[in-house]
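K.L.:
One structure, pasted below without further comment.
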Amino acid sequence: MRLGQILSNGSTIAAIFPTEDTARPIPEHTMRDLISRSEGENLPLAELAERLASRHAQAATPIIPLHPCEVWGCGCTYETSASFRDGEQGTRDGMYAQVYRDPRPEIFFKGTSRVCVGPNQPVGIRADSKFTAPEPELALVLGKQGKILGYTLADDVSAWDIERENPLYLPQSKTFNACCSLGPFLTTPDEIQDPYTLRMTCTVTRGATTRFQGETSTARLNRKFDTMVDFLIRSNNVPSASVLLTGTGIIVTEEAALGPGDIVTIHIPELGTLSNPATAL
Ligand code: DO4
Ligand code: MG
């Protein structure tokens, strides 16, 4: 089922999206409420949504599909990300290659819903960064004990020049205002035949000019989602309705560093299109 959130008379409510631009509202429930109720009543999310949703679909624009409690990120899960980052440190086989190969994944705290935006909302470019890049990623929406409730698209916007200066600056390169875009939908796992064969594309445009175009497939992921979640929740009670970003396989070139007004568009046919303008913070 394709779920999400819409604005209804100024309030955020959950909805079923029979098509990308029509929704069956679920009154009086945000996505967080819906997740919490489905866990409390021990009912699958899709079943509860079907029970509560209005019978009538109306024209609607998806907003952020969930205001997550916490957002975490996995890193260096694709070889392209690990080798790019080692290259930035002037080495071919450094700590990023090591974490790519090691059983324990890199996991970092990205933020809370404070730093998240939804479709078409501006993502931030730090005032002290000259090379901020989009990181297009598949994101997992997690329930109690890390259960995968659904998939969405994400942009793990990152200040790569700050990380390049010193890897210990990672939290500053990763977390700032509007550093994480999520959406447009929360697609439940039954809709996805094989989450390891999803083709993803990303473009960065400025006006009529395409500054960057890249693609990857989740087939190139070096880790399974269950393993990422398993490490995430070790001795770490991540609350239900949190999100785990699964890493980027698309590496934007420095010439295409984000500038104000650039549009980042991320697409996976099974999950939709997530588009955001960039803005200077
Ligand atoms: O170590 C840096 C972060 C890596 C990351 O966010 C990614 O690979 O997606
Ligand atoms: Mg990332």
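The values are calculated or read from the model by the stated rules, or taken from the named source; none is laboratory data. Keep in mind the model is a prediction, meaning the values are calculated, not measured. Neighbour counts are summed over all protein chains in view; Cβ atoms, including those assigned to glycine, are modelled from backbone coordinates with ideal geometry.
K.L.:
For T218, indicate whether it is surrounded by 14 or more Cβ atoms within 10 Å (Cβ to Cβ), of a type in the set (S, T, N, Q), within 17 Å of A139 (Cα to Cα) and within 16 Å of ligand 2 (Cβ to nearest atom).
P.N.:
The answer is yes for T218.
K.L.:
Let me ask something else. From the residues in the range 38-76 that are within 16 Å of ligand 2 (Cβ to nearest atom) and not in a loop (DSSP other than H, G, I, E, B), which one is farthest from the chain's Cα centre (by Cα)?
P.N.:
The residue in question is G75.
K.L.:
Could you say which residue among R104, R85 is in contact (Cβ under 8 Å) with a residue 40 or more places away in the chain, more than 30 Å from D33 (Cβ to Cβ) and more than 16 Å from ligand 2 (Cβ to nearest atom)?
P.N.:
R104
K.L.:
Right, something else. Report yes if some residue within the range 138-149 is touching a Gly at 6+ places or on another chain (Cβ under 6 Å), within 14 Å of ligand 2 (Cβ to nearest atom) and modelled with pLDDT of 95 or more; otherwise report no.
P.N.:
no
K.L.:
Looking for whichever is in a loop (DSSP other than H, G, I, E, B), in contact with a strand residue (DSSP E or B) (Cβ under 8 Å, 6 or more places away or on another chain) and surrounded by fewer than 16 Cβ atoms within 10 Å (Cβ to Cβ) here; the options are T210, T197. Which one fits?
P.N.:
Unique residue meeting the criteria: T197.
K.L.:
Next question. Does L258 satisfy the condition of being away from ligand 2 (no atom under 16 Å from the Cβ) and either without any contact (Cβ under 8 Å) to a residue 12 or more places away in the chain or touching a strand residue (DSSP E or B) at 6+ places or on another chain (Cβ under 9 Å) (or both)?
P.N.:
Against the criterion (away from ligand 2 (no atom under 16 Å from the Cβ) and either without any contact (Cβ under 8 Å) to a residue 12 or more places away in the chain or touching a strand residue (DSSP E or B) at 6+ places or on another chain (Cβ under 9 Å) (or both)), L258 does not qualify.
K.L.:
Here's a follow-up. Are any residues in the range 19-28 free of Cβ contacts under 8 Å to residues at least 60 places away in the same chain and within 22 Å of the chain's Cα centre (by Cα), and if so, which ones?
P.N.:
T19, D21, A23
K.L.:
What number of residues within the range 173-190 satisfy the criterion of being of a type in the set (S, T, N, Q) and part of a loop (DSSP other than H, G, I, E, B)?
P.N.:
So the answer is 3.
K.L.:
Pairs needed: first member in the range 145-167, more than 14 Å from ligand 1 (Cβ to nearest atom); second member anywhere, of a type in the set (V, I, T) and at pLDDT 95 or above; C-beta distance under 6 Å; at least 6 residues apart or different chains.
P.N.:
These pairs meet every condition: G146/V229; G146/I233; L149/V141; G150/V141; G150/T187; G150/T188; Y151/T187.
K.L.:
I'd like to know if the range 121-129 contains one or more residues that are touching an Asp or Glu at 6+ places or on another chain (Cβ under 8 Å) and either within 16 Å of ligand 1 (Cβ to nearest atom) or in a strand (DSSP E or B) (or both).
P.N.:
Scanning the range 121-129 turns up at least one residue that is touching an Asp or Glu at 6+ places or on another chain (Cβ under 8 Å) and either within 16 Å of ligand 1 (Cβ to nearest atom) or in a strand (DSSP E or B) (or both).
K.L.:
Can you tell me how many residues in the range 93-115 are surrounded by 14 or more Cβ atoms within 10 Å (Cβ to Cβ) and in a helix (DSSP H, G or I)?
P.N.:
The qualifying residues number 7.
K.L.:
I need the full set of residues from the range 130-155 which are more than 19 Å from P195 (Cα to Cα) and assigned to a strand (DSSP E or B), in order please.
P.N.:
Passing the criteria: T132, A133.
K.L.:
Here are F17, F84: which of them is of a type in the set (F, W, Y) and either more than 16 Å from ligand 1 (Cβ to nearest atom) or in a strand (DSSP E or B) (or both)?
P.N.:
That would be F17, the only listed residue that is of a type in the set (F, W, Y) and either more than 16 Å from ligand 1 (Cβ to nearest atom) or in a strand (DSSP E or B) (or both).
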